[in-house]
Amino acid sequence: MRSFRSQNFYEILELSPEATLPEIERAYRIARATYQPSSVATYSVFSDDENGEILERIEEAYSVLADSVFRREYDARIRREEPAGRPRVAAEAGSAFGAPEPAPAAYPTRSPQADIELEQSVDPEDGVYDGPVLRRIRLSRGVELEDISVTTKINETYLRFIEENRYQDLPAPVYVRGFLREYAKCLHLDPNRVTQSYMERLSTRAGSQLP
């Protein structure tokens, strides 16, 4: 069994790729409860930092698999990247996230120098591109925030603030617009649509008039 850092989202939640939404929600609740720092199941097995990393991966997995649009895109990506002969099956029941790896990871982290080549994206149903939506799109496409930072030369902290809707921590609007355009290009999204949608929300939430 591969470590949690190299597992795909189905393996993280110990699900079959054919899992239904109720099954995904149930697996998410179980995983959350299992890997809480206070859980008896993982007590003394993982450090608080390791538990935090696992819980973050669990949240990422659920945010993508519970959304039908992002799940379809994620499924298409892992099918393209799946090594020949490797069956798409759920993780072994009861397996530990920290178990030894018998083979190289099937889904390696993209090299920061690698080009980000992705398909055109499907717009959100409500047309709103806020931070969580942008993050789910990024996760469904397997793109690391570090990759975007290296490609665009934008500080990773500001990219994280954008994804977390931390409007008060972002720089002047003129810079945020530039950040959003470059971020959108990396994910093959429409820069104008993303920028307009996000800046409208930023203006409303920040209670300021943007130039």
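Would you say S63 is outside the structural domain of R135 (by TED's automatic domain parsing), within 14 Å of the chain's Cα centre (by Cα) and either surrounded by 13 or more Cβ atoms within 10 Å (Cβ to Cβ) or modelled with pLDDT under 50 (or both)? Explain how you work it out, then say what you get.
Numbers: outside the structural domain of R135 (by TED's automatic domain parsing): yes; within 14 Å of the chain's Cα centre (by Cα): yes; either surrounded by 13 or more Cβ atoms within 10 Å (Cβ to Cβ) or modelled with pLDDT under 50 (or both): yes.
Against the criterion (outside the structural domain of R135 (by TED's automatic domain parsing), within 14 Å of the chain's Cα centre (by Cα) and either surrounded by 13 or more Cβ atoms within 10 Å (Cβ to Cβ) or modelled with pLDDT under 50 (or both)), S63 qualifies.
Quick one: would you say V89 is over 12 Å from the mean Cα position of the chain (by Cα), over 15 Å from E11 (Cβ atoms), at pLDDT below 90 and not basic (K, R)?
On the way: over 12 Å from the mean Cα position of the chain (by Cα): yes; over 15 Å from E11 (Cβ atoms): no; at pLDDT below 90: yes; not basic (K, R): yes.
No: the conditions fail for V89.
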(message) List pairs: first residue in the range 200-211 and at pLDDT 85 or above, second residue in a helix (DSSP H, G or I) and among the hydrophobic types (A, V, I, L, M, F, W, C) anywhere in the structure, Cβ distance under 7 angstrom, at least six positions apart or on different chains.
(response) L202/V176
(request) Taking I30 as the residue in question, decide whether it is touching a Phe, Trp or Tyr at 6+ places or on another chain (Cβ under 6 Å) and either of a type outside the set (A, V, I, L, M, F, W, C) or modelled with pLDDT of 70 or more (or both). (result) no
(message) Looking at the range 161-174 only, could you name the residues that are in a helix (DSSP H, G or I) and either touching a helix residue (DSSP H, G or I) at 6+ places or on another chain (Cβ under 8 Å) or buried (at least 19 other Cβ atoms within 10 Å of the Cβ) (or both)?
(response) F161, I162, E163, Y167, Q168, D169, P173
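Residues are listed down the side, and each one gets a yes or a no for (1) over 22 Å from Y74 (Cα atoms); (2) modelled with pLDDT of 90 or more; (3) not in a helix (DSSP H, G or I):
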{"residue": "E146", "(1), (2), (3)": "no, yes, no"}
{"residue": "S149", "(1), (2), (3)": "no, yes, no"}
{"residue": "I154", "(1), (2), (3)": "yes, yes, yes"}
{"residue": "L159", "(1), (2), (3)": "no, yes, no"}
{"residue": "R177", "(1), (2), (3)": "yes, yes, no"}
{"residue": "R181", "(1), (2), (3)": "yes, yes, no"}
{"residue": "N192", "(1), (2), (3)": "yes, yes, no"}
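Residue by residue through the range 107-135, note down the ones that are among the charged types (D, E, K, R) and at pLDDT below 90. Before the answer, list the steps.
Of the range 107-135, the ones among the charged types (D, E, K, R) are 110, 115, 117, 119, 123, 125-126, 130, 135.
Scanning the range 107-135 gives R110, D115, E117, E119, D123, E125, D126.
The values are calculated or read from the model by the stated rules, or taken from the named source; none is laboratory data. Since we're looking at a predicted model, the values are computed, not measured. Quick reminder, even Gly has a Cβ in these numbers, built from the backbone with ideal geometry, and neighbours come from all protein chains shown.
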